[in-house]
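Asker: Let me begin by handing over the structure; questions about it come next.
The values are calculated or read from the model by the stated rules, or taken from the named source; none is laboratory data. Just so you know, these numbers come straight off a predicted model, no measurement behind them. The accessibility values were calculated without ligands, DNA or RNA, using every heavy atom of the protein model including side chains. Shrake-Rupley method; radii C 1.70, N 1.55, O 1.52, S 1.80 Å.
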Amino acid sequence: MTAGATVVEVALGERSYPVAVGRGLRAAFTRYVELPEDATSALVVTQQPVIDAGHVDPVEAALGAAGLQVHRQVVPDGEGAKSSEVLVDLWGAAA
């Protein structure tokens, strides 16, 4: 992690993981997330309010800069996203 990020460890035993907190991390998140070496594409699953708030474009740009073809799948907000139809749509988008 870089000096601009504060790293908080989520302590869950064997399932523990770090969380980076700081300004500008969306655009630089590939510094904090280990991408598979053989990855050629990424699926970004999001909701419209997240897009409207400007949070998705920097993430997609960082993935593109890492050499990945980026695909976006927008799911409904809240409970509407918790359905088998949405899951089937996500499987299709991932395929």
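Asker: Kirkwood hydrodynamic radius of the chain from all distinct Cα pairs, in Å?
Answerer: 15.1
Asker: Let me ask something additional. For the chain, what does the accessible surface come to per residue with a 1.4 Å probe? Please give it in Å².
Answerer: 71
Asker: Ok, one more. Report, in degrees rounded to the nearest 10, the 0 to 90 angle that the Cα long axis of helix 56-65 makes with the longest principal axis of the chain.
Answerer: Here the helix axis deviates by roughly 70 degrees.
Asker: Moving on. Report, in degrees rounded to the nearest 10, the 0 to 90 angle that the Cα long axis of helix 84-94 makes with the longest principal axis of the chain.
Answerer: Result, in degrees: 60.
Asker: Would you work out what percent of the accessible area of the chain, with all protein chains in place, is carbon or sulfur (probe 1.4 Å)?
Answerer: 53
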